[in-house]
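Worksheet: one structure, shown below.
Please treat every number below as a calculation from the coordinates, not as lab data. Predicted model only: the values in this text are computed from it and were never measured. FYI the Cβ positions are ideal-geometry reconstructions off the backbone, even for glycines, and counts take in every protein chain you see.
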Amino acid sequence: MALDVTDATFQTEVIERSMHTPVVVDLWAPWCGPCQTIGPILERVVAATDGKVVLVKVNVDENPAVSQAFEVQSIPAVYALKDGQVADGFVGAYPEHVIEQFVQVLLPSEEALTIDRLLAAGDEASLRQALTIDGGNEDVIVALAELLVQQGHADEALALLARVPESDRTRRVAAAARLSERPDDDYDAQLDGLLEQVKNDDDARQQFVDILELMGPDDPRTAQYRKRLTTRLY
C-alpha cells in the first residue's frame, strides 16, 4: 500500500526515509487517466519487494512545493530516491515489465544485505568479516573503530579511519582513539589546563580539539572553548 505524502511530510517520509530504504515517489492527480493505470502497477511491483523499497504518492494539485521541487511538467511522473538524492525516474505510463526493471535496480545486492546483517550483529568477528567484503564501507569502519577504541587498540582504529573521508562521526571516533583515556572529570579542568599550552604545543592543541569532538556540538561549552582556542592561537 502506498503512503500519501504532502509538502509538510515530504522531508521525513521521503528524504529522511530514503537514507535507509529506497523510496519510489508517484506524482499523480485524480484527473490524470494514465495515473490511475500506473498507480496499481507501482503498488503491486513495490509490494513484491517485501519492504526493501517504499512507495509514496503525492497529489501534485494539493502539494505545489513537491511539484516545484521535481519541476513537474507532466504526470504521471515517477522518481526513485536513495540516500536523499534522486537516483532514477521516468514520466508517462509504462508497462509492468518496465516498471519491474525500474524497481529491481533499487533493490540492495546480496553483498549489501550480508553487510547489513553483519553490521547488525556488531561483534568484532562480524565486523571484520564485513570489512573483507567491502573494505571501504564507512559504516563498517566506524563501527569496528569504535569497538577497537573500547578495547584499547587506538592505533588500529586510527589506521582504519584513514581509509574513508573525514566526517563528523569519523572525527569523533578518531578523537576518542587519540585520547588514551577519556577525561573522567567534566572536561573543564582538562581544557583549561590545555588552553595554556595550545599555542606552542601541537600535541596539546590536538588533545584540546579531540576533547571538543568528544563533547560534541550539542554541549554549549564546545562553541565557547572553540572561541577561546581561536583567541589563544591568533
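For the pair R163 and D88, label points projected 7 Å from Cα toward Cβ lie 2.9 nm apart.
Annotation: lysines with alpha-carbon distance below 21 angstrom to K57 (same-chain offsets under eight excluded): K82. Annotation: lysines with alpha-carbon distance below 25 angstrom to K227 (same-chain offsets under eight excluded): K199. Summary value for the chain: 14 percent relative contact order, contacts being C-alpha pairs under 8 angstrom separated by 6+ residues. Ordering H20, H153 by the number of other Cβ atoms within 10 Å of each residue's own Cβ, fewest first, gives H20, H153.
Size descriptors for region 3-104: radius of gyration and Dmax over Cα atoms are 12.3, 33 Å.
From helices alone, the chain scores -15500 deg cm²/dmol at 222 nm; the rule is -39500 (n - 2.57) for each run of n ≥ 4 DSSP H residues, then divide by the residue total.
Would you mind classifying region 91-159 by shape? Square roots of the alpha carbon gyration tensor eigenvalues, ordered a ≥ b ≥ c; an a/c under 1.5 is rounded, otherwise it is prolate if a/b is larger than b/c and oblate if not. Taking the square roots of the gyration eigenvalues as a ≥ b ≥ c, region 91-159 is prolate. Taking all Cα pairs closer than 8 Å and separated by 6 or more residues, the relative contact order of region 111-233 comes to 17 percent.
Result for the chain in a Gaussian network model with C-alpha springs under 10 Å: among G136, G193, G122, the largest mean-square fluctuation is at G193. Pairs of Cα atoms in region 66-199 fall into 5 Å distance bins, from 0 up to the last occupied one, in shares of 2, 9, 13, 13, 12, 10, 9, 9, 8, 6, 4, 3, 2, 1, 0 percent.
Note on Q36 and V98: the model spin-label points, each 7 Å out from Cα along the C-beta direction, lie 2.1 nm apart. Among D83, D123, D203, the largest mean-square fluctuation in a Gaussian network model of the chain (Cα springs under 10 Å) belongs to D203. Projected onto its three principal axes, the C-alpha set of the chain covers 72, 41, 24 Å, listed from the longest axis down. With each label modelled as a point 7 angstrom along the Cα→C-beta vector, the L113-H20 pair spans 1.9 nm. Listed from fewest to most Cβ neighbours within 10 Å, the set V56, V25 follows the order V56, V25. For region 22-157, the relative contact order works out to 22 percent when only alpha carbon pairs closer than 8 Å and six or more residues apart are counted. From the Cα gyration tensor of region 1-52, with a ≥ b ≥ c the square roots of its eigenvalues, which class applies: rounded if a/c is under 1.5, or else prolate if a/b is larger than b/c, or else oblate? Note, shape of region 1-52 comes out oblate.
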